[in-house]
Amino acid sequence: MLRRRIAPFALRRGVVSVLAMLYMVLFSAMALGFYAATTTASQVAANERTTLAAQLAAESGIQFLRYHLSALDIQAGLSADKIFGEVYQQLAERLEPTANLNGNVVGFDGNTITIPQTGYVKTEPGGSQKFRITITRAGDILVARVVGRGGAVTLGRGVEVRFQKANRATAIFNFGVASKGRVITSGQSTITGDSDPTKGSVLSTNITDPTPVSIMGKMVSGDVSTVSETANVVFGNGTSIGGTNNSMLIRQDHIHKGVPEPRFPDIDTSVYSKYATNTYVNGQSTLVNVRIPPNTNPTFNGSLTIQGVLYVEAPNKVSFGGNTTIQGLIVVQNNAPVDMTNNVLDFSGSVQHKSIDTLPASFGDERNLTNAFVIAPGFRLKMWGNFGLVNGHIIVSQFQMGGSAEGTIKGSLIQMNDLPTTIDGSADVVIASTGTTQYPSGVTFGVNYTGIPGSYTEVIGN
């Protein structure tokens, strides 16, 4: 029998179709893999974007809180719970009228401050980035937790930062004479800077009198500033202000209106009272850490030596008519009532002053009560004698200087009440230093809060 021979190419019939199917399956698998990889990458990118947005929102919340806590003005010496309540009150006053809370309020239950009470603060109108702040306290420390969210996700990013109290800065020591009342000079009186003429400057924060500053004396070596933008500052013909008696240059370059009002100090003289352990006895000529009881009204004529703290209780009229040597400082009772008739410190004689840190070592830590000469809110200080160099600030309710008095203040003269500050006759006030941050003990300018370095921690953002 004859067998039919099959051609070789007939054995390979259909291979092309198989290969085509294999390639189709391979490309389909690759397409599916590419689609899956692209979808996963897109989801990962979206998650990372949302996470980063939440992180940025939390960081924005921290900066937002840092700014507002730094702007607080809380009286020093309050207990921790009262401070916390004051923090809430001031934050509410600052934030609730703003668009940041958008009609919401600051929550407070006595233990926790919540910003806002419900919902979130959006970083931009209509945006998805937002944050929420809760503040608790650990003693005087504020513990702030900020949760940021970047979209409709359940879990956000959380940041915790601790804040501590800090003394507020003040610009009041940048002025030689700073008064809440009118400042009036007359006669041949001068206010000058010792090493720098600009230190002999004057500030009045009075906004009720149309003429808060009247310089009719001989000279003010620095500039004159007022808080009132519409103030009328008057000065005499030939009076020198800022180094010139050219009236046009004075008004153009050396009178400043509408300056920001500096923070005047809070005074707590109780820090001094513990050192005044001896009660004044009539006839004493050497006073070492002495307390003068109310209504004593002593008059010191002849030579008088004061060492340490002279603590004057109100009401009292204390007259220094002879030669007085003070190696320390004079303070009055804490929260003395403002009474310019019955609360008076009157220096009509000469005064020599040495800083309290020059006392012998036996006075111990009392020698740290530096940077003050007289701290007497509620009292009027009259100086009609020569007082040489006084090593520290003068802080009183009213200051009057006249006659031929002259002296150098190594610090600033601060008048706490809206009463006339008068310097007349041939009185010469010389300001030896300004701009110091070395506040006297018991003199504070309120506290705010600042972040504690190293306290930044990332926490769960739920």
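The values are calculated or read from the model by the stated rules, or taken from the named source; none is laboratory data. Computed from a predicted model, the values in this text were never measured in an experiment. FYI the Cβ positions are ideal-geometry reconstructions off the backbone, even for glycines, and counts take in every protein chain you see.
Is it the case, given these coordinates, that Gly388 is over 21 Å from Gly308 (Cα atoms), at pLDDT below 90 and surrounded by fewer than 23 Cβ atoms within 10 Å (Cβ to Cβ)? No: the conditions fail for Gly388. The residues of the range 126-147 that are farther than 23 Å from Ser455 by Cβ and without any contact (Cβ under 8 Å) to a residue 24 or more places away in the chain, listed by number, are Gly126, Gly127. Against the numbered list (1) over 30 Å from Gly442 (Cβ atoms); (2) surrounded by fewer than 16 Cβ atoms within 10 Å (Cβ to Cβ); (3) not basic (Lys, Arg), Ile115 comes up short only at (2). Filter the range 252-266 down to residues that are surrounded by 14 or more Cβ atoms within 10 Å (Cβ to Cβ) and over 15 Å from the mean Cα position of the chain (by Cα) and give me whichever is farthest from Ala336 (Cα to Cα). Among those that are surrounded by 14 or more Cβ atoms within 10 Å (Cβ to Cβ) and over 15 Å from the mean Cα position of the chain (by Cα), it is Asp253.
Scanning the range 201-251 for residues that are in a helix (DSSP H, G or I), surrounded by fewer than 21 Cβ atoms within 10 Å (Cβ to Cβ) and not basic (Lys, Arg) yields Ser247, Met248, Leu249.
Does Thr226 satisfy being at pLDDT 95 or above and more than 19 Å from Gln400 (Cβ to Cβ)? Here the answer is yes, as Thr226 does meet what is asked.
Selection of the range 252-266 for residues being at pLDDT 95 or above and part of a strand (DSSP E or B) yields Ile255, His256, Lys257.
Could you list, in sequence order, all residues of the range 47-100 that are in a loop (DSSP other than H, G, I, E, B) and surrounded by fewer than 18 Cβ atoms within 10 Å (Cβ to Cβ)? Correct list: Ala71, Asp73, Gln75, Ala76, Gly77, Leu78, Ser79, Glu96, Pro97, Thr98, Ala99, Asn100.
Looking across the range 412-422, the residues that are in a loop (DSSP other than H, G, I, E, B) and either surrounded by fewer than 24 Cβ atoms within 10 Å (Cβ to Cβ) or in contact with a Cys (Cβ under 7 Å, 6 or more places away or on another chain) (or both) come down to Met416, Asn417, Asp418, Leu419, Pro420.
Checked against (1) among the hydroxyl-bearing types (Ser, Thr, Tyr); (2) farther than 16 Å from Ile431 by Cα; (3) crowded, with 23+ Cβ neighbours inside 10 Å, Thr370 passes all but condition (3). On the stretch given as the range 224-241, residues that are touching a residue at least 24 places away in the same chain (Cβ under 8 Å), out of contact with any Pro (no Cβ under 7 Å at 6 or more places or on another chain) and not acidic (Asp, Glu) total 7. Number of residues in the range 433-454 that are assigned to a loop (DSSP other than H, G, I, E, B), among the small types (Gly, Ala, Ser) and modelled with pLDDT of 75 or more: the value is 4. Any residue that is part of a strand (DSSP E or B), in contact (Cβ under 8 Å) with a residue 24 or more places away in the chain and either in the same structural domain as Ala361 (by TED's automatic domain parsing) or crowded, with 19+ Cβ neighbours inside 10 Å (or both) - is there at least one of those in the range 283-299? For the range 283-299, residues part of a strand (DSSP E or B), in contact (Cβ under 8 Å) with a residue 24 or more places away in the chain and either in the same structural domain as Ala361 (by TED's automatic domain parsing) or crowded, with 19+ Cβ neighbours inside 10 Å (or both): present.
In the range 87-130, the residue that is nearest to Leu56 (Cα to Cα) out of those that are touching a Phe, Trp or Tyr at 6+ places or on another chain (Cβ under 6 Å) and among the hydrophobic types (A, V, I, L, M, F, W, C) is Val121.
Residue-by-condition table, conditions (1) of a type outside the set (A, V, I, L, M); (2) farther than 28 Å from Val87 by Cα:
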site	(1), (2)
Arg157	yes, no
Arg168	yes, no
Ser179	yes, yes
Gly187	yes, yes
Ile191	no, yes
Asp194	yes, yes
Lys199	yes, yes
Ser204	yes, yes
Thr208	yes, yes
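Counting only strands (runs of 3 or more DSSP E) that sit completely within the range 133-197, those holding 2 or more residues that are closer than 30 Å to Leu95 by Cα correspond to 141-149, 156-167.
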